[in-house]
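The values are calculated or read from the model by the stated rules, or taken from the named source; none is laboratory data. Just so you know, these numbers come straight off a predicted model, no measurement behind them. A quick note on method: Cβ atoms are made from the backbone with ideal geometry, for glycine too, and the neighbour counts reach across all protein chains shown. Note: areas computed on protein heavy atoms with side chains; ligands, DNA, RNA excluded. Shrake-Rupley method; radii C 1.70, N 1.55, O 1.52, S 1.80 Å.
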Amino acid sequence: MPVRLILICSLMLCWFSNTAEAGMPSASIDLTEIAQLRLQSISFFLLLFLLSAWGLKKLWNMLARDFPKLPVITYKAALAGTFLWGLMFLFVLTMISGARELLTPGAWEKDGRTYRLTDSESKQETQAVAEALLKERRSKLAELRSALFMHVATHDGNYPANVEDASFADEFWLQPGEMNVKYGYVPGEKKSDLVQPLAFEQAVYGDEQQLILFTDGAIKQVSLAEGQEALSGK
């Protein structure tokens, strides 16, 4: 009987703030919106806590039927077990949060009920991702350079007339990323001592930077304006 009474009271608390009175105005004190939300949260948590204890009692006693050594527990014992279990989880989560703060002091700041990275940490993380992508872009363009120079070495010093005439796989022409964008190519004839643009990135990374491969094998990082100037000069 006490268990049912507690559950009924919890349900009444859950809907207390949403109850509307009809008829003549009353002298009852209305709760503020924040107080209503807090009351709902507390009552909902209390209801879940009581239901969890009831479920623990049922499952434990059901298990005790098959294992005679297990004692049959009461609802009070289930409440105590659920409370201690919750304290243990709270302790573990607090230790994890403390360890995270010790490993990265000042890196997290409170944002409502959760935490988020501070602006400085977010900028550092963004910068690290950008640097890793730039390294991958350079490496991929270097692979295309090796493939083009191998083509020159096996075709009497001639560059491919166009992308389709290259003697290597199409994968070398694909830029890093999920967009499947191909490098731009400046068709040439025989390899000469005159340094000119040979292949270049399409501007799809949003960093206002562009990598250009020149005929002498150099890979230069330039701005989009400088890249257009170098390519138009060709």
statement: Of the conditions (1) surrounded by 14 or more Cβ atoms within 10 Å (Cβ to Cβ); (2) part of a loop (DSSP other than H, G, I, E, B); (3) of a type in the set (A, V, I, L, M), the single one that Ile212 does not satisfy is (2)
query: Taking into account only those residues within the stretch 74-91 that are among the aliphatic types (A, V, I, L, M) and either open to solvent by 100 Å² or more (accessible area, probe 1.4 Å) or at pLDDT below 90 (or both), which is nearest to Trp60 (Cα to Cα)?
result: Leu84
message: If I filter the stretch 215-234 down to residues being small (Gly, Ala, Ser) and in contact with a strand residue (DSSP E or B) (Cβ under 6 Å, 6 or more places away or on another chain), which single residue comes out as surrounded by the fewest Cβ atoms within 10 Å (Cβ to Cβ)?
response: Ala230
Search result, residues across the stretch 187-201 that are at pLDDT below 90 and either within 25 Å of the chain's Cα centre (by Cα) or in a loop (DSSP other than H, G, I, E, B) (or both): Pro187, Gly188, Glu189, Lys191, Ser192, Asp193, Leu194, Val195, Gln196
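Which of the residues spanning the stretch 41-71 are among the hydroxyl-bearing types (Ser, Thr, Tyr) and free of Cβ contacts under 8 Å to residues at least 24 places away in the same chain?
Ser41
Is at least one residue of the stretch 155-163 β-branched (Val, Ile, Thr) and either closer than 21 Å to Lys135 by Cβ or open to solvent by 30 Å² or more (accessible area, probe 1.4 Å) (or both)?
yes
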- line: Contact list, first residue from the stretch 212-234 and in contact (Cβ under 8 Å) with a residue 24 or more places away in the chain, second anywhere and among the aromatic types (Phe, Trp, Tyr), beta-carbon distance below 7 Å, six or more apart or interchain, is Leu213/Phe200; Gly227/Phe200; Leu231/Phe200
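In the stretch 135-154, which residues are among the hydrophobic types (A, V, I, L, M, F, W, C), at pLDDT 90 or above and either open to solvent by less than 90 Å² (accessible area, probe 1.4 Å) or closer than 19 Å to Val204 by Cα (or both)?
Residues satisfying the conditions are Leu141, Ala142, Leu144, Ala147, Leu148, Phe149.
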